[in-house]
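Engineer: Once you've had a glance at the structure underneath, I'll fire off some questions.
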Amino acid sequence: MKDLLYKVPASLHDVGNIKKLLYEHSEIKFISFVGIDLSGHDTDTKIPVKLFLDDLKDFLNGSVQTDGSSVVLPKIATLNNAKIDLVPDLSVDWFVDYNYELVKDGFPVGTLKIPCFLFHENKAVDSRSILNNSIKALESSIMDMLKNSPDICRDYGFCYEELSSIFISSATELEFWVKTPNEKAQLDQLSTSQVLKEQYWKKTVGIIRTSLEETLLEMDKYEFEPEMGHKEVGGVKASIDTQGRHTHIMEQLEIDWKYSSALQAADNELFIKSIVKETFRRNGLDVTFLAKPLDGIAGNGKHIHISINAKLKDGQKINLFAPTKHHYMSSIGYGSIMGILKNYEVINPFVTSSYNALKRLKPGYEAPVSIVSSLGHTIETPSRNRTVLLGLVRDVTNPASTRFELRSPNPHSNTYLALASMNMGMLDGIKYALQANKSEDSLLKELKKSFNESADYLEDDRVYISEEDIFEDYSEEDRKVLFGKTPRTVYECFSALINKDSKYSVLLEKDVYDNLLIESYTSARLSKWLAEIKGRVIPTHMNSLKNMIKVHDYEYSTDYDENMWDKILTIKKELMQNTLNNKSLFNRLKNEIEACNYASVSDLEMEMDSKMKEIKEFYSTYVSNII
């Protein structure tokens, strides 16, 4: 197994080296071209290696095509114009995906995964290309601005002529729930364990330990450099059967790995998710990356870390967020954080774009609910406020580690588009900071502005920095007034894109996005939202309601039981039972979905969620009173 090929670095992406590697590693039987559509779905093809080698130059030049019906590109790849070209990306690492359950000649069968750009009518229209274009736009713009800002270069100890390039670094953390198939842990046990924090950082045991360690070892083979794997806050203690095997497993885990360039980081995460799923599955366990697998229990996050760096011609690397004076960070850092916070209404649709994702962003679950950041109570005391949207992560003894942590993404967030949108927000803020020649003092003052204090760049009627606990120290109304209204539905989340509000133009800068790409993405996500409610949410709620049955009898029941059951029955009928004169809420919601009346669906979704929360609380109270 030590002879297996796991990674083909970008430096070897030429015809000669590719042929040499594939001839030497006959265990690699297939080639897969991987493009990422606007919904974050990755294509998976199986091209026999022999065919690939026979036409290698053509394949590398983009001779692979697919039908637009196989990717999510509405309004772009139409029925009468659906051809999509897959063009390999030669600038990133390629990985080999091994099928350990299919062994030939003593080796598992491998598939070389080649990341691609998707082209329609000679124009790149995929998530990877959008991120790639945003990186180029941000990096080239900073180069130009530094050329006109010699003082900033001087503060970092170099002159512009010594500058080789600007590069964006990124990393993600991945949380996921693991369970035994077809076995369920009790919801109240999970909730109690979470409140008591019984599982957080606890030692993994049994098959969970084996699976986690195998995952980390597998990641190391691909040189992902895993840094940590541990239990998260969710989970309960598993049971042990008569044969000593663990059953009724329900645990939440997290894995972290080393940062990379922004595009490579997104590719790495996609492949690592596959490693996680396949490794745990081989050990008989299910893995879910859903943002909110269970109501009332901690959801899965995927924090995105990002920093901007300069590379000098002598090879030296400098973190451009790190302060050059006695400050939290540099003027580029202040501009970046201001740009993300000010423009988050048009960034958020690329981060939190599903019904399930919004269920995770609720007060009390360490997931951010407001557009606010923290810097630290003092410059000497870095902040680790877990309640804010965007955290400044820094170590006063290691300036190179200075970065931002966006805490709102979940494992199903499209990392490519989330990073691309963050890049455009940062570019807008950096332009303000550098082109207006703003000092660190003036930028910090504006960032820490009070409510209704006028500002040159940020909005007057907002507060952007708080070192307090956003959940405990502010009421819901306070949060809404100070930090802006939080979207409650997918439709509300996309309103800034649908209405093309004043911040919309930030995305169009440098032609990174265009109107058609944004409209295509918006259409795809809204369609998925409607389908998710109709095909998953409503049926799940209906099953839940049907299981809420009358359990008291007249011999042992009280008037309290009767009253509670009447309340439950009333809500059940409102939700799911039609009459000749009135349609149930579920039925009305389905009708609005069929008509694509987004605003009405949004209102009815909130009404449905409110009633479902109420009836679940009633039923839990009702059942607990039965003797």
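Just so you know, all these numbers are worked out from the coordinates, no wet-lab data involved. Bear in mind the structure is a predicted one, so any value in this text is a computation, not a measurement. Here Cβ is always computed from backbone atoms with ideal geometry, including for glycine, and neighbour counts include all displayed protein chains.
Engineer: Using the 10 angstrom Cβ neighbour count as an exposure proxy, how do 498, 36, 275 rank, fewest first?
Structural biologist: Sorted ascending by nearby Cβ count, the order is 498, 275, 36.
Engineer: In the stretch 1-78, which trypsin sites (Lys or Arg not before Pro) fall in coil by DSSP and have 14 or fewer other Cβ atoms within 10 Å?
Structural biologist: Working: sites: 2, 7, 19, 20, 29, 46, 50, 57, 75; in loops: 2, 46, 75.
In loop regions of the stretch 1-78 (DSSP not H, G, I, E or B), the sparsely surrounded trypsin sites (Lys or Arg not before Pro) are 2, 46, 75.
Engineer: Still on this structure, I have one more. If you restrict to DSSP beta bridges whose two residues both lie in the chain, what percentage is antiparallel, to the nearest 5?
Structural biologist: Within the chain, antiparallel bridges account for around 90 percent of the total.
Engineer: Leaving out same-chain residues fewer than 8 places away, which lysines sit with a Cα under 22 Å from that of residue 104?
Structural biologist: Cross-link targets: 2, 7, 19, 20, 29, 46, 50, 113, 221.
Engineer: So I have (1) 3, 14, 21, 22, 20, 14, 5, 1, 0, 0; (2) 3, 12, 17, 17, 17, 14, 10, 6, 3, 1, 0, 0; (3) 3, 14, 23, 26, 20, 10, 3, 1, 0, and one of them is P(r) over Cα pairs in 10 Å bins from 0, in percent calculated from this model. Which one is it?
Structural biologist: Computed from these coordinates, P(r) over Cα pairs in 10 Å bins from 0, in percent corresponds to label (3).
Engineer: Between their Cα atoms, which of 292/431; 277/534; 362/590; 136/258 are more than 29 Å away from each other?
Structural biologist: Pairs exceeding the cut-off: 292/431.
Engineer: For every helix of n ≥ 4 consecutive DSSP H residues, a contribution of -39,500 (n - 2.57) applies; sum these over the chain, divide by its total residues, and give [θ] at 222 nm rounded to the nearest 500 deg cm²/dmol.
Structural biologist: Working: 22 runs with 248 residues, N = 627.
Result for the chain, helices only: -12000 deg cm²/dmol.
Engineer: Could you please rank 387, 558, 43, 172, placing first whichever residue has the fewest other Cβ atoms within 10 Å of its Cβ?
Structural biologist: Ranking 387, 558, 43, 172 by Cβ neighbours within 10 Å, fewest first, gives 558, 43, 387, 172.
Engineer: What shape does the stretch 65-145 have by the C-alpha gyration tensor, where a ≥ b ≥ c are the square roots of the eigenvalues, rounded means a/c under 1.5, and otherwise prolate means a/b greater than b/c and oblate the rest?
Structural biologist: Taking the square roots of the gyration eigenvalues as a ≥ b ≥ c, the stretch 65-145 is oblate.
Engineer: Additional query: Please identify every one of the chymotrypsin sites (Phe, Trp or Tyr not before Pro) in the stretch 18-48 that sits in a loop by DSSP and has no more than 16 other beta carbons within 10 Å of its own beta carbon.
Structural biologist: In loop regions of the stretch 18-48 (DSSP not H, G, I, E or B), there are no sparsely surrounded chymotrypsin sites (Phe, Trp or Tyr not before Pro).
Engineer: Run the numbers on the stretch 7-124 and let me know its relative contact order in percent, using alpha-carbon pairs under 8 Å that are six or more apart.
Structural biologist: Numbers: 201 pairs, mean separation 38.0, N = 118.
Once divided by the residue count of the stretch 7-124, the mean separation gives 32 percent.
Engineer: On to the next question. By the scheme Lys and Arg +1, Asp and Glu -1, what is the net charge of all other residues having a beta-carbon under 15 Å from that of residue 68?
Structural biologist: Numbers: positive: 75, 83, 123; negative: 37, 67, 85, 121, 126.
With Lys, Arg at +1 and Asp, Glu at -1, the neighbours total -2.
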